[in-house]
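One structure below.
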Amino acid sequence: MAAFKPIATTRSATGVLTSKLAVWWLLASEVVIFGGVLCSYLMHRIAHPEWAAYAAHTNEWIGLTNTFVLLSSSLTAVLAHNAAEREDGPLAARWLLATVGGACLFLMIKSFEWYTEISHGYTISANGFWSFYYTAAGIHASHVIAGGLIMLWVANTARKNEELHRVENVGLYWHFVDIVWIFLFPLLYIAK
């Protein structure tokens, strides 16, 4: 008896696997979410020049460090995909775990940063800038958490050399998370 294969891994009406198409649809919806937040931020930032003084209290070095962490984790996600394409699931799983390590490091740095900011009185209710800052960075952090958890699940199956197509799919999601940060970093940390 042949092993059961989910339709998402075998069906391709458009020339693209259904599972990959689903990830692209998910990412399109995420663009709407982050696009709305970022456009609202930009419109408010233009209307409130005093926000530059508030933004001066963000720590560019922490933001830059987190940028390096996320870009490095994108490299390990690419290496995981490369291993999966060579059908080396155990190696793909190890690279995914390295990517999860990057996600954890990002979140630890972000937690330290928020603790520092909040202890200095820069809370979500301090003013409009900090409301947008915590909202945008918080939505992004929730996506980092989700990506890390999904990668753990995918790594577990990849370790057994099963469902290796998922490595690429979770990598697409992770690259999206990185791209969003590439927009957030200059808007929240550099534009003062």
How do the peptides 144-150, 39-45 rank, highest first, by the average count of neighbouring beta carbon atoms within 10 Å per residue?
-> 144-150, 39-45
Do the sum for the chain: with -39,500 (n - 2.57) for every DSSP H run of n ≥ 4, divided by all residues, what is the mean residue ellipticity at 222 nm, to the nearest 500 deg cm²/dmol?
-> -27000 deg cm²/dmol
Over segment 89-192, how many percent of alpha carbon pairs lie in each 5 Å bin up to the one with the longest distance?
-> 3, 12, 20, 20, 15, 11, 8, 6, 4, 1, 0
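What fraction of the Cα pairs in the chain, stated in percent, has a spacing above 19 angstrom?
Percent of Cα pairs beyond 19 Å in the chain: 62.
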What length, rounded to one decimal in nm, is gained on full extension from Asn156 through to Ser125, with 0.36 nm per residue of separation minus their alpha-carbon distance?
-> 7.1 nm
Tell me, what is the FRET efficiency for Leu187 and His165 to the nearest 0.05, using R0 = 35 angstrom and their Cβ-Cβ distance as r?
-> 0.55
Packing-based ranking, highest mean first, of 160-167, 111-118 given that Cβ atoms within 10 Å are counted | 160-167, 111-118
Please list, or write none, the aspartates and glutamates whose alpha carbon is within less than 14 Å of the alpha carbon of Lys110, excluding same-chain residues fewer than 8 places away.
-> Glu60
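No value in this document is a laboratory result; all are computed from the given coordinates. No experiment lies behind these values; they were computed from the predicted model shown. Every residue, glycine as well, gets a Cβ built from its backbone with ideal geometry; the counts of neighbours run over all protein chains shown.
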